[in-house]
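Undergrad: Below is a structure I'd like to ask you about.
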Amino acid sequence: MKKQVLLYLILLLTTAKIQSQERINSNGKIPILAWYSIPASETTVERYQEMKDAGITHSLSFFANVTDLQKALDVAAKVGVKLIVNCHELKTDPEKTVRLVMNHPATAGYHLIDEPGIGLYKELGDWGRRIQAVDSKHFCYVNLFPNFADSITQLGTKDYRKYVSECARQIPLQFLSFDYYPVLKDRLSKTWYENLEQFSSEAKKANKPFWAFALTTNYDDGHLTPQTLAAMRLQVYSNLAYGAQGIQYFTYWSATSVNAPSTEDQRGAPITADGKRSVVYDRVKQMSEEIRNLSGVFLGAKMLWVRHSAKGMIPAGTIRLTSLPDPVKVLDSNGAPILVSLLENGDFNYLVVVNKDFLNSINFTFFGDDTVKKVLKDGTMVPASTYEPSLELDPGDAAIYQFPKSKSH
């Protein structure tokens, strides 16, 4: 009897400790979209559950017809995944197609086009308004080029900011989206952070959130094969630090099997061309869990500023870190390249520190006042003073700190 009482007391104390552990509050989860998702020939509950188990909340596949689309919607609904609608009939008869799927529980929105030039915006705007006239509850979706795209053959303008702002002005979109795959085998692309500066700024001017990408496959010999967790973290946490409200994986299924452009040599996706999991599947699953646990930091957050710090030059178009929020007394990366973002979410500010080196860990020093808490990967928090001031940050990883919102913001 005494043993039973003792075990019961231990259980009570353990439960109380777990329940008392402080967590960040979240009103939802960051959307996670899989591009080139499950092909029509693989539409089964098992495949969609497998995708959901990897943390995917939204799926984009390119269906040949509305029949295949409707089958996928029915299956996706059974496991709780949303689809961005794409099929031939959405273009040829948008009103009829939208009426067929608008009330389906798995419908998230409507995909119009990937990487249009500015000359297509009027046509896309007309198409989007036809869709929205029937269904204004679900979003229209367009994904834009990165800033290194050719101004003549791709963007249709020499002014990248105009390319983004005109998209927001002419097409009825609930959010903006662009792709950039900056992590090469031994370095980062030079214009990636400038692109994030440009895109986040134009999205803010348009009063629209934006979604951004992380590469989870490969399409040339310049990128990593397979994609590492460090590379994914660097892309995801940099995007979120700039205020992104959705993360997109390119791709989920090996795109050679789902009608990808023949010029792209897709390999190393989470699901291979023959339908088997690669090592990237498990990395995507871990990355998605981190995003989900940290949604309370990033979902609905207002990006106040982003700064960069390094021993030498910082990326073009970015601003060097010269000051810190009052509660943060010391932040020193010892010359290592870092990104530092200040976000506002509810009653709190969040300082996000990203290690921009995806190949090596860095050592940094952090010291804050008694109001500063460290946000852990599972979404729980502890006083920052729980940790020693000198810390190691893994390749591409982020350290996140919370403190009460400044009255000056």
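Undergrad: Of all the residues that make up the range 344-360, how many are within 16 Å of L321 (Cβ to Cβ) and among the hydrophobic types (A, V, I, L, M, F, W, C)?
TA: Of the residues in the range 344-360, 4 are within 16 Å of L321 (Cβ to Cβ) and among the hydrophobic types (A, V, I, L, M, F, W, C).
Undergrad: Next up: Report yes if K158 is in the same structural domain as R233 (by TED's automatic domain parsing), within 18 Å of the chain's Cα centre (by Cα) and in a loop (DSSP other than H, G, I, E, B), otherwise no.
TA: Here the answer is no, as K158 does not meet what is asked.
Undergrad: Checking the conditions here, which among E264, E194 is modelled with pLDDT under 90 and surrounded by fewer than 23 Cβ atoms within 10 Å (Cβ to Cβ)?
TA: Details: E194 fails: modelled with pLDDT under 90.
The match here is E264.
Undergrad: In this structure, does V354 turn out to be touching a Ser or Thr at 6+ places or on another chain (Cβ under 6 Å), at pLDDT 95 or above and β-branched (V, I, T)?
TA: Details: touching a Ser or Thr at 6+ places or on another chain (Cβ under 6 Å): yes; at pLDDT 95 or above: yes; β-branched (V, I, T): yes.
Answer is yes for this residue.
Undergrad: One residue is enough: does the range 190-213 have a residue meeting the conditions of a type in the set (D, E, K, R) and over 21 Å from S341 (Cβ atoms)?
TA: Within the range 190-213, none of the residues are of a type in the set (D, E, K, R) and over 21 Å from S341 (Cβ atoms).
Undergrad: Same structure, new question: In this structure, does L173 turn out to be surrounded by 15 or more Cβ atoms within 10 Å (Cβ to Cβ), among the aliphatic types (A, V, I, L, M) and over 17 Å from N195 (Cα atoms)?
TA: Values: surrounded by 15 or more Cβ atoms within 10 Å (Cβ to Cβ): yes; among the aliphatic types (A, V, I, L, M): yes; over 17 Å from N195 (Cα atoms): yes.
So L173 passes the test.
Undergrad: Pairs needed: first member in the range 117-142, within 12 Å of E166 (Cα to Cα); second member anywhere, crowded, with 19+ Cβ neighbours inside 10 Å and of a type in the set (F, W, Y); C-beta distance under 6 Å; at least 6 residues apart or different chains.
TA: Final answer for the pair search is I118/Y163.
Undergrad: Further, regarding this structure: Does the range 27-42 contain any residue that is of a type in the set (G, A, S) and either within 18 Å of D378 (Cβ to Cβ) or modelled with pLDDT under 50 (or both)?
TA: yes
Undergrad: Take the range 140-166 and flag every residue that is touching a helix residue (DSSP H, G or I) at 6+ places or on another chain (Cβ under 9 Å) and more than 30 Å from K356 (Cα to Cα).
TA: Of everything in the range 140-166, those that are touching a helix residue (DSSP H, G or I) at 6+ places or on another chain (Cβ under 9 Å) and more than 30 Å from K356 (Cα to Cα) turn out to be C140, G156, T157, E166.
The values are calculated or read from the model by the stated rules, or taken from the named source; none is laboratory data. All values reported here derive from a predicted model rather than from experimental measurement. A quick note on method: Cβ atoms are made from the backbone with ideal geometry, for glycine too, and the neighbour counts reach across all protein chains shown.
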